[in-house]
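The values are calculated or read from the model by the stated rules, or taken from the named source; none is laboratory data. Just so we're clear, the structure is a prediction, and the values are computed from it rather than from any experiment. Quick reminder, even Gly has a Cβ in these numbers, built from the backbone with ideal geometry, and neighbours come from all protein chains shown. Calculation scope for accessible area: heavy atoms of the full protein, side chains included, ligands and nucleic acids excluded. Shrake-Rupley method; radii C 1.70, N 1.55, O 1.52, S 1.80 Å.
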Amino acid sequence: MAATTNKYASRSPNARKFKGFLTEKEKRRRLEVIQANRQYKKVSEVVLESNSGFVGAGIDHYTHSDHFNHMHNLRKNDDCIAKKYIGKYSTTIFANEGKDIINAHDQNKVPSSYLKQYESTIHDEDRRTYAAMTSCVDEAIANITEALEEKNMLKNSIIVFTSDNGGALVGSAGNNWPLRGGKHTSWEGGVRAVGFVYGDLLPCHSRGTENTGLMHITDWFPTLITLAGGNPHVGKKLYGVDQWNMITGEDKSGRDDVLITLEEDNKAGAHYRTGIYKNNAFDITTHAAIKMGKWKLLTGPIGGPSDWVKPQEINSDHRIVEDPDFDSTRMVRLYNIEDDETETTDLSEMNQHIVIEMLAKLHNFSKQSVPAQSRIYPRADFDGMGECISPWV
């Protein structure tokens, strides 16, 4: 999904007061958080026995603190382990924790050792760091895979490696060439992610093959829960669908469309509601994007870079390729991403019946939508979490 534009709240000035004594109110709040976590564990423990990681969008690789609240944000199950690993690189920690779990079963910073191998081949410093970080991750995955093999657990395991969005084009070494745009946009460079699935549970005929079926990030939850023997459909209706049959090549994608983003609170001015779709039931000034088969529709303000950016490795004086026909006042754009994956040709006027069908889908989604949860975490009581960020309800 496209990232939202809301800001994270600053950390509470009282967030560190738990180094001393707790008030009765604080104790009660902490108990509520613990009880909520235990209740969550009861629901999830059928398919999740152990977890190491953080809550939210990201942490510092070495201090393991949240980028926005500066609280420790590294846990192993219910325990805060951030202090234990201060100064150690996060990728190595995750790999070692993963190996420990297996063996017990019955900011662009990277260690210098990974940078040295690229000193003579990648001259751009940011791209060199990015490559080194990727090599570190690759080694960590190899270590986890080796541990699974040694414990004879790989035959009953699935390894999923996937991106969550395209590379950022501003202040980052990421690149999505030849796709258009990047992270924080709804262009293919921002929302088309790559990944792979590995494990002995995959049938032989599907190993080493490429699959371009339509899949949304929310599909991983029902896919993996079902594969592990659980029932993902307990409680609320899910948007995600089980895609295991598509992954194994037994069937086509389990979905016909993917809602990329729908931001009711992000609209262009009403005077931009013009043209042949101005009277549609869906407000075309709303920032939204949806895929349906080979078609992709974007409405409202685009937001973010709309250029094509060549990687630094391509020696060119013109790395940024602009669209000479780009019109920021246009509220409806339609692309055939099967034939035009770089999104160069708007077909919205030539295929009005397709646009109307996709606008109807957006209208239906908008009627079912609920107000977005902003990134200020309105239900999160950081003061009640102690020294480490915890899950909240």
Practice task
Return one whole number: the accessible area per residue of segment 137-189 in Å², for a 1.4 Å probe.
Solution key: 48
Handout entry: segment 232-277: trypsin sites (Lys or Arg not before Pro) in DSSP coil with no more than 13 other Cβ atoms inside 10 Å
Key = K236, K237, K252
Exercise for the section: Report the percentage of all Cα-Cα pairs in segment 205-320 whose separation exceeds 22 Å, rounded to a whole percent. Expected result: 57
Practice task
Report the accessible area of W244, computed with a 1.4 Å probe over the heavy atoms of all protein chains in place, in Å² rounded to the nearest 10.
Solution key: 40
Handout entry: Selection from P232, I276, P222, by position along the positive dipole direction of segment 191-298 (Cβ)
Key = I276
Problem - Among 164-177, 112-125, the order from most to least packed when residues are scored by Cβ within 10 Å on average - result: 164-177, 112-125
Exercise for the section: Run the 1.4 Å probe and let me know the accessible area of H271, rounded to the nearest 10 Å². Expected result: 130
Practice task
Quick one: plug the Kirkwood hydrodynamic radius of segment 259-336 (C-alpha pairs) into Stokes-Einstein at 25 °C, 0.890 mPa s, and report D in µm²/s.
Solution key: 173
Problem - Solution diffusion estimate, µm²/s, Stokes-Einstein, segment 120-180, Kirkwood Rh from C-alpha pairs, 10 °C, viscosity 1.306 mPa s - result: 112
Exercise for the section: Can you tell me how much longer the chain between Q368 and T344 gets when fully stretched, taken as 0.36 nm per residue apart minus their C-alpha distance, in nm with one decimal? Expected result: 5.4 nm
Practice task
Between V160 and T212, take the C-beta separation as r, use R0 = 22 Å, and let me know the FRET efficiency to the nearest 0.05.
Solution key: 0.85
Completion exercise
Counting only protein heavy atoms and leaving out ligands, DNA and RNA, the solvent-accessible surface of V137 at a 1.4 Å probe, in Å² to the nearest 10, equals 50
Completion exercise
Counting only DSSP loop positions in segment 274-339, the trypsin sites (Lys or Arg not before Pro) whose Cβ has at most 16 other Cβ atoms within 10 Å are K278, K294, R319
Fill in the blank from the handout: Taking 0.36 nm per residue of separation between K310 and N351 and subtracting their Cα-Cα distance, the length gained on full extension comes to 11.7 nm
